[in-house]
Amino acid sequence: MLWQLTRRLAILVASIVVSTVVVFAFMQVLPGNPARVALGVNASEQAVARMTAQYGLDRPLFVQYLDWLGGMLRLDPGVEYISRAPIGPQIVDGLGVTAWLVAAAMLLAVGVAVPMGAWMAMRHRHVDGVVLSAVSQLGVAVPAFLVGIVGISVFAVRLGWVPSGGWVVPVQDPVGFLQRLLLPAVALALVQGSVLARYVRSAVLDELGQDYLRTARAKGLRPAQAVLRHTLRNAAVPVVTVAGLQLASLLIGAVVIERVFVLPGLGSLLLDSVQARELLTIQSVVMVLVVAVLVINFLVDAVYVVIDPRLRTGADR
């Protein structure tokens, strides 16, 4: 098991290194000089040349890459070309907001999808199972931003139960923080929870006909007890795969939801930077998102080895 985890950790590190090269190269091929964008189209060539030299944009690309990579490792990728604001603190603050949103959405999605999917599998020939299956199909089809807009219209504007947007630091106002987190987390979790419920249903259905489950029933366990004690664990490997992919999808989907609810997360920072053509900020935020997705995939691989003894045995051989 240790060798398997070490190998996957090495793959993670190599993937991150390659990703830094790809992200940096992609930003370099975009048209336009950042100095020209910062100064405006009417700026003189001398002013553009001075700003280019000031930010080191006239240095060899390899030197620029190493400088940016070192800054990312120090959480100090530089300053914005136009506003001159430091990028690192903005990314740290935005990452905190996005992390809260994604974590809450994932907890909601898993907390609803696992029991719902298992129930749909056990009751797949009954009316309630069919109805829940249809509801999950509908949830898959509804975009998260539409759920957010409807939620704001109903629960914030008409009923006034929660604020329509904004952000409060948890330690300053825990109640206000939860109120502002609830709607965006639900909107983000709905689609992913529906998809996960479908996968849980499929995985549990595949296990319901296995011999070990019939043996458990023959020993006197009720259907729900047999599913809880045996089926869910054996169905966990494919579900964990989907959950890991969905966690990455939540991270990317938060870009739109943060804009809908005016949350100062990484998504809002990225969209604002695109609008202002702050290329260095865009490059740094994209790299943070890529690293987050790669780390999530590594953690999913690690969980495989923990929850499935067959994988541990295969790894040791």
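Only one of the listed residues (Gly166, Gly94) is under 13 Å from Leu263 (Cβ atoms) and either assigned to a loop (DSSP other than H, G, I, E, B) or not small (Gly, Ala, Ser) (or both). That residue is Gly166. Give me the pairs, please: first residue somewhere in the stretch 142-164 and on the phi < 0 side of the Ramachandran plot, second residue anywhere and among the hydrophobic types (A, V, I, L, M, F, W, C) and surrounded by fewer than 14 Cβ atoms within 10 Å (Cβ to Cβ), beta-carbon distance under 8 Å, and either six or more positions apart or on two chains. These pairs meet every condition: Phe155/Trp161; Ser164/Val157. Looking for something more than 30 Å from Val168 (Cα to Cα), in a helix (DSSP H, G or I) and touching a Ser or Thr at 6+ places or on another chain (Cβ under 8 Å) - is there at least one such residue anywhere in the stretch 102-116? The answer is yes, given that some residue of the stretch 102-116 is more than 30 Å from Val168 (Cα to Cα), in a helix (DSSP H, G or I) and touching a Ser or Thr at 6+ places or on another chain (Cβ under 8 Å). Under the condition of being surrounded by fewer than 16 Cβ atoms within 10 Å (Cβ to Cβ) and at positive phi, the residues counted in the stretch 64-92 number 2. Within the stretch 125-134, the set of residues being without any contact (Cβ under 8 Å) to a residue 12 or more places away in the chain and surrounded by 13 or more Cβ atoms within 10 Å (Cβ to Cβ) comprises Gly129, Val130.
Restricting Val262, Val295 to those that are on the phi > 0 side of the Ramachandran plot and of a type in the set (A, V, I, L, M) reduces the list to Val262. For the stretch 120-128, does any single residue satisfy the condition of being assigned to a helix (DSSP H, G or I) and within 20 Å of Val191 (Cα to Cα)? Checked the stretch 120-128: at least one residue is assigned to a helix (DSSP H, G or I) and within 20 Å of Val191 (Cα to Cα).
Against the list (1) more than 21 Å from the chain's Cα centre (by Cα); (2) modelled with pLDDT under 85; (3) surrounded by 15 or more Cβ atoms within 10 Å (Cβ to Cβ), the condition Val29 fails is (3). Looking across the stretch 45-58, the residues that are surrounded by 14 or more Cβ atoms within 10 Å (Cβ to Cβ) and closer than 22 Å to Val286 by Cβ come down to Tyr55, Leu57.
The values are calculated or read from the model by the stated rules, or taken from the named source; none is laboratory data. This one's a predicted model, so the numbers in the text were calculated from it and none came from an experiment. Neighbour counts are summed over all protein chains in view; Cβ atoms, including those assigned to glycine, are modelled from backbone coordinates with ideal geometry.
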